[in-house]
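The values are calculated or read from the model by the stated rules, or taken from the named source; none is laboratory data. Not measured: the values here are computed from a predicted model. So basically every Cβ, Gly included, is an ideal-geometry build from the backbone, and we count neighbours across all protein chains shown. Only protein heavy atoms, including side chains, enter the accessible area calculation; ligands, DNA and RNA are left aside. Shrake-Rupley method; radii C 1.70, N 1.55, O 1.52, S 1.80 Å.
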Amino acid sequence: MTARNRELFGLVVAGMISGIALATVTIARDAQVEPSAATYGALFLGLYLAAHVVVRRTVPYADPALLPLTAVLTGFGLALNYRLDADDGGRQALWVCIGVAVLAGTLIALRHDYRALESYRYLFGVAAVMLLLLPSVPGLGERVNGVRLWVDIGPLQFQPGELAKIGLILFLAGYLREKREVLAQGRLKDFGPLLAIWGAAMLVIVQTNDLGSALLNFGIFLAMLYVATGKALYVGAGLGLFFGGAFLLYNAIDRVHERVTIWLHPWTDERVYCALNGELEFRQDCASYQLVKSLYSLANGGFGGTGLAEGVFRSPDGAELIPALGTDFIYSAIGQELGLVGAAALLLLYMVLVVRGMRIALRAEDGFSKLLAAGLTFGLALQTFVIVGGILRIVPLTGITLPFVSYGGTSIVANFLLVAGLLLVSNRANTPR
């Protein structure tokens, strides 16, 4: 069986999984199978079949596992978002359609030689920095839960940090490909880029009060720097700089201090000051309310889960038990309804996607392609770790999304761009010479 036929078979399986997941949700919600479930499954499969045709024509030698894995993750995310909020599920479906269109357009536009992007590396770098700082612009940025990550332009609301991640990876792939031999020599002046990116990461924390986005972007930089130079010393120095700077900002910025405090001590036996109402409350009833309820949700799921669409996420009076469940805390919903087995299975899908991405990086022949594939893959892996780790209290909680699953249009589009990049690199790497 050829690679493209294996991809086609995988997409059929992904369509069946998505249709079954939505049928299960509709049965639990409405006590019957809605005809729309079958229609949805067919439309979902048709959407990815159209993407398959584009892949077959533009990147015929690309990795056959990338598109089916993406389809499974987005299909499951659509079913779960529909289960949590039917309106959000409909909007998410629209964003998936836009994301697939962006993937197809990227493949068509760059089918001849995506390496032309290397010539615009500095443009991508400047654009990435501007996008990261855009939420701090008065009148544009919107503060949500104390963090500036969103931008409002008329009816359009988006999270520029998701797109900045792609621009940063493209800049680093081109810059490190050009400078890797000089950087590998380890001269003192060669630490300039490391210090510059570190300073930008600290600036992001100061401007947006978001430790997670700074960690994500700086982590991508360190990973790509190691791939380019093979110097573990750079990684150690970079981590030392980041945690040292974060510690200083922890003492200087109240929001960062609060996030770390919630991470370390989500429960209190005595009442503490609550900034939300200005009174004394137990921390689990105030600042760490979301995190604590999320942990209870995971515990309620146990080993096998309550069943899809059978979880409890609202109180008897209809109030949300976990605010922002569809975005920041969707992994908690997965853990409750699918249990440890389902939550671990979802992480395994991400692990397979990461393994395929790193395999693409290893097979790539030129430096730019290797760095691009490694950066895109590590960006996906680190983002998944940061959001899941925050929910599980491995790292401080952040406001980033779970790729392909959480509700959010900007995240969906950015991750489809990421998959398009991996498809382009793998096609070139696998093309017979």
Checked 247, 303 against criteria (of a type in the set (Phe, Trp, Tyr) and within 29 Å of residue 81 (Cα to Cα)); the one match is 303
Restricting attention to the range 77-92, the residues that are in a helix (DSSP H, G or I) and open to solvent by 30 Å² or more (accessible area, probe 1.4 Å) number exactly 8
Residue pairs qualifying under the 6 Å Cβ cut-off, at least six apart or on distinct chains, with the first in the range 211-225 being in contact (Cβ under 8 Å) with a residue 12 or more places away in the chain and the second being of a type in the set (Ser, Thr, Tyr), are 212/398; 225/234
Here the qualifying pairs (Cβ atoms under 8 Å; residues six or more apart or on different chains; first in the range 374-389 and at positive phi and among the hydrophobic types (A, V, I, L, M, F, W, C); second open to solvent by 10 Å² or more (accessible area, probe 1.4 Å) and in a helix (DSSP H, G or I)) come out as none
Going through the range 108-120 in order, the residues found to be open to solvent by less than 40 Å² (accessible area, probe 1.4 Å) and either farther than 30 Å from residue 52 by Cβ or of a type in the set (Ser, Thr, Tyr) (or both) are 114
The residue from 50, 116, 128, 86 that alone is of a type in the set (A, V, I, L, M, F, W, C), closer than 25 Å to residue 158 by Cα and more than 20 Å from the chain's Cα centre (by Cα) is 86
Within the range 286-325, residues open to solvent by 20 Å² or more (accessible area, probe 1.4 Å), more than 18 Å from residue 264 (Cβ to Cβ) and of a type in the set (Gly, Ala, Ser) come out as 299, 302, 304, 305, 307, 315, 318, 319, 324
Of the residues in the range 327-358, those that are touching a residue at least 60 places away in the same chain (Cβ under 8 Å), within 16 Å of the chain's Cα centre (by Cα) and open to solvent by 20 Å² or more (accessible area, probe 1.4 Å) come to 327, 328, 349, 352
Only one of 259, 283, 271 is among the charged types (D, E, K, R) and in contact (Cβ under 8 Å) with a residue 60 or more places away in the chain, namely 259
For the range 168-210 the number of residues that are at pLDDT 70 or above, aliphatic (A, V, I, L, M) and in contact with a Ser or Thr (Cβ under 9 Å, 6 or more places away or on another chain) is 4
